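As C-alpha cells, the structure follows; a few thoughts come after it.
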Amino acid sequence: MSETQNLTVVQAVRDGLYTEMREDDDVLVLGQDVGKNGGVFRATEGLFDEFGGDRVVDTPLAESGIVGAAVGMAAMGLRPVPEIQFSGFMYPGFDQIVSHMARFRTRSRGRFNLPMTLRAPYGGGIRAPEHHSESKEAFYAHEAGLKVVIPSTPYDAKGLLAASIRDPDPVIFLEPKLIYRAFRGEVPEEPYTVPIGEATTRREGGDVAVFTYGAMTRPTLEAAESLAEEGIDCEVVDLRTVSPLDREAIVEAFEATGRAVVVHEAPKTGGLAAEITAIIQEESLLYQEAPVKRVTGFDVPYPLYALEDYYLPTAARIEEGITEAVEF
C-alpha cells in the first residue's frame, strides 16, 4: 500500500513537480522567481536546491519570453513547465499561447508536438491587487489545440499535474489560489496520474445536477449539504478539465435528474456555463424539466477587496440558484 502525505493544494503542486522532475530529466521549470525564491506562492520551493539552475530557471519579467522559450524547448524534445506568477499576467504571452503553443502540431503537420504545461495561480478571493484575480479560463478553452485543467483537491492537483506534464500536447494548468492553503488532503507519495478530460462526482443525488470546478467546488458542496437538510438531493460534478469537457459525464448526470445548475466564478457571458448548457440542449433536451441555472461571477471587471465577497459565488447564492432550478 502506498504511503500518503497530508498536503495542501500548493504543496501537492510542488510535490507533483518534484516527482515528475525526479522521474524524467527532460522536465524543467522556468519563470519569474521560481528558482532560489521558490515562487510567489512557494510552489517551487526547494526545487532549485534539488535540481539546480539548469532545470529550475529564473527568467526576466517577460511573459512572452517565458512562454516563447518554453515553446522552443518543447519543440526540441524537453518537457518545460513555465510558470506565470498570476494568470492575469498571461496576456503579454497570449500571442505565444494562441499563435504558437496551440498551433504548433497543426502548423508542422504533426512533425512537432509540444509537451509543455503552462502553470498559473488563478481566480479571486485573496484580496489581491488588479490583474491578480481574473478567471479567464474560457479564453484558453476556446482555443483549439490547448487542454485546460483546473484541480480542486490536493490529490487531483498532483495527479492532474503529472498527467499534464506527461501529455504530448500543451496544457494550461490553472491553480485556484483561493484554496492553495485552505485545507489538506491525502496525497500518495508515489507517482500517479488523474486522467485529463474526466469529471468526477463529488456528491451523488437525484434531484438536480450541479456542475462546477476549481475553488467553487467547496462552496457548491457546502450548499448541497445544506439543501439536503431541506430535502433537496444534489449531485455535484467536479469537471476538473474545462477543455476537453467530459460531455458524457455532463449528459449522464443531467439525464438522471432533468435539472442542472452550473457554478463558476468567471463572468457569466461567454463563460463555460454557457457551453455546458449547450451540451445539455444538444444531447438531452427531452430530459429537461427546468431551465439551466447559472451561478457565476458578474459581467464587470473583477472588483477589489471588500466587493470580492459579493462578486464570488457563495454557498448562499449557490443554494438560491439550486432552489430555483428545483422549484421551477
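Filtering V57, V40, V71 for residues that are within 24 Å of A12 (Cα to Cα), among the hydrophobic types (A, V, I, L, M, F, W, C) and at pLDDT 95 or above leaves a single hit, V57. Residues that are crowded, with 22+ Cβ neighbours inside 10 Å and of a type in the set (D, E) occur at least once in segment 174-194. Candidates in segment 291-328 are the residues that are touching a Phe, Trp or Tyr at 6+ places or on another chain (Cβ under 9 Å) and assigned to a helix (DSSP H, G or I); of these, the one that is farthest from D233 (Cα to Cα) is E308. Of the strands (runs of 3 or more DSSP E) contained entirely in segment 185-258, those carrying at least 2 residues that are more than 14 Å from the chain's Cα centre (by Cα) and more than 23 Å from G123 (Cα to Cα) fall at 185-188, 208-212, 234-238.
Specify the residue that is surrounded by the fewest Cβ atoms within 10 Å (Cβ to Cβ); the eligible residues are those in segment 21-56 that are among the aliphatic types (A, V, I, L, M) and within 14 Å of I84 (Cβ to Cβ). So that I can check it myself, show each step before the final result.
Looking only at segment 21-56, we keep the residues that are among the aliphatic types (A, V, I, L, M), and these are 21, 27-30, 34, 40, 43, 47, 56.
Checking which are within 14 Å of I84 (Cβ to Cβ) leaves us with 29-30, 34, 40, 43.
Numbers: V29: 27, L30: 22, V34: 27, V40: 17, A43: 26.
Only one residue fits best here, namely V40.
When the residues of segment 122-135 are filtered to those that are touching a Phe, Trp or Tyr at 6+ places or on another chain (Cβ under 8 Å) and of a type outside the set (D, E), the one that is modelled with the lowest pLDDT is H131. Residues satisfying the criterion are present in segment 117-127 (criterion: open to solvent by less than 40 Å² (accessible area, probe 1.4 Å), of a type in the set (K, R), closer than 21 Å to P168 by Cα and in contact (Cβ under 8 Å) with a residue 24 or more places away in the chain).
Those residues that are open to solvent by less than 20 Å² (accessible area, probe 1.4 Å), within 14 Å of Q32 (Cβ to Cβ) and either free of Cβ contacts under 8 Å to residues at least 40 places away in the same chain or assigned to a helix (DSSP H, G or I) (or both), I need them from segment 64-82; list them, please. Result: I66, V67, A70.
Results for (1) outside any helix (DSSP H, G or I); (2) free of Cβ contacts under 8 Å to residues at least 40 places away in the same chain; (3) out of contact with any Leu (no Cβ under 9 Å at 6 or more places or on another chain), shown as yes or no for each residue.
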| position | (1), (2), (3) |
| --- | --- |
| F112 | yes, yes, yes |
| P115 | yes, no, no |
| S133 | yes, no, no |
| A144 | yes, no, yes |
| V148 | yes, no, no |
| P151 | yes, no, no |
| K158 | no, no, no |
| L161 | no, no, no |
| I172 | yes, no, no |
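The values are calculated or read from the model by the stated rules, or taken from the named source; none is laboratory data. Just so we're clear, the structure is a prediction, and the values are computed from it rather than from any experiment. Heads up, the Cβs are rebuilt from the backbone with ideal geometry, glycines too, and the neighbour counts pull from every protein chain shown. Ligands, DNA and RNA are excluded from the accessible area calculation, which covers all protein heavy atoms including side chains. Shrake-Rupley method; radii C 1.70, N 1.55, O 1.52, S 1.80 Å.
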